Each structure stands twice: as C-alpha cells, then as structure tokens.
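The values are calculated or read from the model by the stated rules, or taken from the named source; none is laboratory data. This one's a predicted model, so the numbers in the text were calculated from it and none came from an experiment. Here the Cβ positions follow ideal geometry from the backbone for every residue, glycine too, while neighbour counts run over all protein chains shown.
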Amino acid sequence: MIKKIAKKQWESSDFEKAFLPGLAIDSVIFGFHDNKMMVLLLQYKNTNSFALPGGFIFKEEDVNEAAQRILQDRTSLGNIYLEQFYLFGDATRQDDSMEVIMKARGMKITKNHFLLRRFVSIGYYALVDYTKAVPTKDEMSDDCGWYDINKIPPMIQDHKKMIQKALETLRENFSKKLIGFKLLGERFTMGELQKLYETILGVKYRRTSFQRMMLNLNILKQVDIKKTGAAHKAPYLYTFKKEK
C-alpha cells in the first residue's frame, strides 16, 4: 500500500526517504472535447510560472503505477490510456525555477534540499475528455486547469519542450494505436471521426479522402444509420472493430 506524504513533510527528510532519488515523472495530459485541444497545467501564481502535472516514484512502487497514480490524482480519472514517450535527462534542464517556487510558498530552503537537485524525468502522455476530468492541484501549486494547446503560457525548465515532444508522439501513434477511440463513444459518424482527427493532428481533410483513408485502415465497422429526422440523407454510424 503506497502511503501519502503530508504537505508539512515536503521540507523534512521523510519525504526524501520515501522516493527514488533523482527521478521524476511528468505527465502531458491532453484534453479533447467539442473539437478543442487542451493541455492540463499547474500554475504557481506568485511566480508567473506553469508546469506539467508531475510527481515522484515511491521506492516500493512500479514506474507505470506511479504514472497512473499521478494522473488520477490530477484528474480523478482511472483506466486512462497512458504511454511513456521520452526520457528527459539533459544537464541543462536544471535551473532556478524550483527555488523561486519554493521561496514564493515560504518554504525553508537548505543548500542540499532534494527538490533543488538535478532530476531525470520520465515523460508520459494521455488523452482524455476534459469535461470528465476534475483538475486538482498538488501540494506545491496554486491552481490546476486546462489551457489551449496553441496558447501555452510560460513554462518552467523544459516543460514546453515536453509538450511539443508529447504532441509529436501522440500524432504519430494516433491511428495505429487507436488512442482517441474512447473519446467518440461506442458509435459515431464519419464526420465526428474526421473532426477528432483534424483537431488532434492539426490538419484538414477532404471528406471523401478522409473516408477512403479510414475505410482502407480496416478498423471500422458500419453498424447503423443515424436517425436525424431531417430530409437529407442520414449519415452512417460506425464503431471500431473490437479485434483491432
């Protein structure tokens, strides 16, 4: 059973003893809804700085379990597609941003405080329906919320680079791993699927070209005709083939 670390213990040796030294997890949590692409960020109000939701790995905890725990703590969502995408370990990623944040929160700073040391960070990304998430700040931040993927505010360390790398990976894997299928519901129209692809990939498709591309992937099954009550021809409904 993984224990929780109380807020007052951030400045104590108990916190450092509980976690693996020098290793962190940062999660790029993308949100999609109504053709909008967002990313979940933590805000430090007294520093004008933002960061990705992250955390540390308990010494008795698996790395993937730690990533799932961090995601659930920040969103209240479980059973979410979460994938490790990159290891960030450049020596230049360490700067004074954490010290600024600690001072703004009135924390006691010692020369060898573990938060001020160099960390290697394991990057994970996820894609969720942001209307179903409950953004929750951590012990160090002042707020947690969704931000437009095209309007990223100032980020600490290399977190903006993390977002860019995660977005590249998401787009590369989007079709072959069917990452976004849970965002559509069990049944959807080709038009709804096209809007999802265009929003996530940042491109525009001709309707006929997109339909041909998706059908050639052999991942869709036509299941019904959408009842619209309109005079024009109703669109077909599709579902993803379960074996895919």
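Across region 15-64, the number of residues qualifying as at positive phi and in contact with a His (Cβ under 8 Å, 6 or more places away or on another chain) comes to 0.
Within region 41-81, track down each residue that is polar (S, T, N, Q), under 13 Å from LYS137 (Cβ atoms) and either surrounded by fewer than 17 Cβ atoms within 10 Å (Cβ to Cβ) or over 12 Å from the mean Cα position of the chain (by Cα) (or both). GLN43, SER76 - these are the residues of region 41-81 that are polar (S, T, N, Q), under 13 Å from LYS137 (Cβ atoms) and either surrounded by fewer than 17 Cβ atoms within 10 Å (Cβ to Cβ) or over 12 Å from the mean Cα position of the chain (by Cα) (or both).
Residue-level analysis places LEU42 outside the set of residues that are modelled with pLDDT of 90 or more, farther than 26 Å from LYS132 by Cβ and assigned to a strand (DSSP E or B). No other residue among LYS17, LYS3 is basic (Lys, Arg) and either modelled with pLDDT of 95 or more or not in a helix (DSSP H, G or I) (or both) apart from LYS3.
Candidates THR110, THR92: the one that is more than 20 Å from PHE19 (Cβ to Cβ), assigned by TED's automatic domain parsing to the domain that holds GLY22 and among the β-branched types (Val, Ile, Thr) is THR92.
For region 117-124, the criterion of a residue being more than 22 Å from LYS165 (Cα to Cα) and either in contact (Cβ under 8 Å) with a residue 24 or more places away in the chain or part of a loop (DSSP other than H, G, I, E, B) (or both) is satisfied by at least one position. Taken together, THR110, THR92 contain a single residue that is out of contact with any strand residue (DSSP E or B) (no Cβ under 6 Å at 6 or more places or on another chain), at pLDDT below 90, over 21 Å from LYS137 (Cβ atoms) and not in a loop (DSSP other than H, G, I, E, B), which is THR92. Would you call TYR86 in the same structural domain as VAL120 (by TED's automatic domain parsing), surrounded by fewer than 20 Cβ atoms within 10 Å (Cβ to Cβ) and either of a type in the set (Asp, Glu) or modelled with pLDDT under 85 (or both)? No: the conditions fail for TYR86. When the strands (runs of 3 or more DSSP E) confined to region 132-240 are screened for residues that are at pLDDT below 95 and exposed (fewer than 15 other Cβ atoms within 10 Å of the Cβ), those reaching at least 3 such residues are found at 220-225.
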